[in-house]
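Report on the following structure.
The values are calculated or read from the model by the stated rules, or taken from the named source; none is laboratory data. What you are looking at is a predicted structure, and each value in this text was computed from that prediction instead of being measured. Every residue, glycine as well, gets a Cβ built from its backbone with ideal geometry; the counts of neighbours run over all protein chains shown. These area figures cover heavy atoms from the full protein model, side chains too; ligands, DNA and RNA do not enter into them. Shrake-Rupley method; radii C 1.70, N 1.55, O 1.52, S 1.80 Å.
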Amino acid sequence: MSLATDIAPHLPYLRRYARALTGSQSHGDAFVRAALEAIVSAPEAFPRDVDPRLGLYKTFHAIWSSANLDVEEEGDAGSEFERIAQSRLAAITPLSRQALLLTAMEGFTNDDTAYLIDATPQDVASLVAEALAEIERQTATRVLIIEDEPIIAMDIEGIVRDLGHDVVGVAVTRDEAVQMAMQEKPGLVLADIQLADDSSGIDAVKDILGHFSVPVIFITAFPERLLTGERPEPTFLITKPFQRSTVKAAISQALFFNSTATFA
């Protein structure tokens, strides 16, 4: 198969990772675009001795580590989170955040992550621990869960409470989610797409964001409905079935970009 065919299935997930790493869709997409331009201009330099996904992320990291891209600022609510992220990034090293995202969110092993960031597996473990320790120093928040499957909702609620956050409610429909959000003003929303009455978690989130800004993590069995290349796209997207560590990492990262993530 051609190189383009090999890497195409991995591009939506690289874009997801880039957005989480930078805290911005425009910045993340710019780095992904730069990586693809590098591959097109010098396909012989693409790592062929590893899995195509590893090679793609390796190329991205080479760009991320060395490029100084000029990215046009977005004029929407995402810019607020971007400014917050940039101020907080000074408190945690880029390598630590890369190690955390690559292992906990992208599912790479410590060995693969070590290859991607030019470290040892032992270094990766230390970097992840460092990142988690820094993020744990961030403030706690109140969380709204939008999920119509009781067992999954209970599991997510347990994860949220294990991290020291408060759960303000579990909504199973669009209307219920919006009502709870208006009443409780959560600092984080965890949302499924398909809800109990065939209403949409996407529509619920749009309604909520129409009233106030809040970070959102989508947890869904249908990620392709959100990774369309159209704006806006979620910065944080988890595919079902999920690992508890993945949800924990996403929550910590989402709150990292949120200036209002504190208990009232």
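A straight Cα-to-Cα reach below 28 Å connects K185 with the lysines K206, K240, K248, residues fewer than 8 places away in its own chain not being considered.
Each label point was placed 7 Å from the Cα along the Cα-to-Cβ direction; for S66 and R33 their separation is 2.1 nm. Taken one residue at a time, the phi angles of region 190-196 give Karplus couplings (6.51, -1.76, 1.60, θ = phi - 60°) of 10, 10, 8, 8, 8, 10, 4 Hz. Gly and Pro are set to x. For I238, the residues whose modelled amide H falls within less than 5 Å of its own, excluding neighbours fewer than 5 places apart on the same chain, are F218, I219, T220.
How much of the accessible area of region 144-210, probe 1.4 Å, is carbon plus sulfur, in whole percent? Solvent-exposed carbon and sulfur of region 144-210 make up 48 percent of the total. Close amide H contacts of V167 (hydrogens built in the peptide plane, cut-off under 5 Å, sequence separation of 5 or more or a different chain): V143.
Per residue, the accessible area of region 98-163 comes to 44 Å² when a 1.4 Å probe rolls over the protein heavy atoms. Between the C-alpha center of region 145-170 and that of region 20-37 there is a gap of 31 Å. Evaluating 6.51 cos²θ - 1.76 cosθ + 1.60 at θ = phi - 60° for every residue in region 154-164, the Karplus couplings come out as 5, 5, 5, 4, x, 4, 4, 5, 4, 7, x Hz, glycine and proline recorded as x.
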